[in-house]
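The values are calculated or read from the model by the stated rules, or taken from the named source; none is laboratory data. Quantities reported herein were computed from a predicted structural model and do not represent experimental measurements. For neighbour counting, all protein chains shown are included, and Cβ atoms are generated from backbone atoms with ideal geometry for every residue, glycine included.
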């Protein structure tokens, strides 16, 4: 489900000064970073499995380039180290039983130097089936690089290329995103069987 977040804690703005030189003159450009924390106000009692996608002002974020820590709302989760460092040891709440995310040094220059509206795509099992699963079989179909954990690119022309096995923003590759989601939804998973396909134009040499 796609839900909104409620701001429950934030630090002061941090200004980051950059120097750009054009025509021999130094021009100063100021950017603002903000460390913020958002809590899910969805009535989500207990813990969630994971967060798959995040949007800021309606635009999906590339989570591989953002420092985001997710706390799933478990009963034994510890306080976030950033909040504890700001508030003091023993003075930071752990928000046990509530899921929340911490964004550290989130760049705001693309949002008018203000905190954007954050939304999350949350996954949460609602039954007992997921915890009972011990083994699964993964069938990627006809994907040529579906099992590759590293990014594979393909040249499409002079100076142009595309990523073959990354169609998501919440992981480095499609494979990594699938495995992370599988482990989050099935915490007691022990074995995974891979189905490997081979395609050829003829059977010569067999």
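Structure data summary
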{"quantity": "Looking only at segment 73-115, and only at residues there that are buried (at least 17 other Cβ atoms within 10 Å of the Cβ) and in contact with a helix residue (DSSP H, G or I) (Cβ under 9 Å, 6 or more places away or on another chain), the one that is farthest from residue 177 (Cα to Cα)", "calculated": "92"}
{"quantity": "Residues (at pLDDT 90 or above, part of a loop (DSSP other than H, G, I, E, B) and more than 20 Å from the chain's Cα centre (by Cα)) located in segment 118-151", "calculated": "133, 134"}
{"quantity": "Test: residue 56 is under 18 Å from residue 123 (Cβ atoms), modelled with pLDDT of 85 or more, crowded, with 17+ Cβ neighbours inside 10 Å and in contact with a helix residue (DSSP H, G or I) (Cβ under 9 Å, 6 or more places away or on another chain)", "calculated": "no"}
{"quantity": "Selected residue (only one of 177, 171, 184 is surrounded by 11 or more Cβ atoms within 10 Å (Cβ to Cβ) and assigned to a loop (DSSP other than H, G, I, E, B))", "calculated": "171"}
{"quantity": "Close pairs from segment 56-78: first without any contact (Cβ under 8 Å) to a residue 12 or more places away in the chain, partner assigned to a loop (DSSP other than H, G, I, E, B) and exposed (fewer than 14 other Cβ atoms within 10 Å of the Cβ), Cβ under 7 Å, at least 6 apart", "calculated": "none"}
{"quantity": "Among (1) in the same structural domain as residue 177 (by TED's automatic domain parsing); (2) in a loop (DSSP other than H, G, I, E, B) - the single one residue 155 does not satisfy", "calculated": "(2)"}
{"quantity": "Those residues of segment 71-104 which are over 15 Å from residue 9 (Cβ atoms) and under 18 Å from the mean Cα position of the chain (by Cα), in sequence order", "calculated": "72, 73"}
{"quantity": "Inter-residue pairs, beta-carbon under 6 Å, first not assigned by TED's automatic domain parsing to the domain that holds residue 102 and in segment 1-12, second part of a strand (DSSP E or B), 6+ apart", "calculated": "none"}
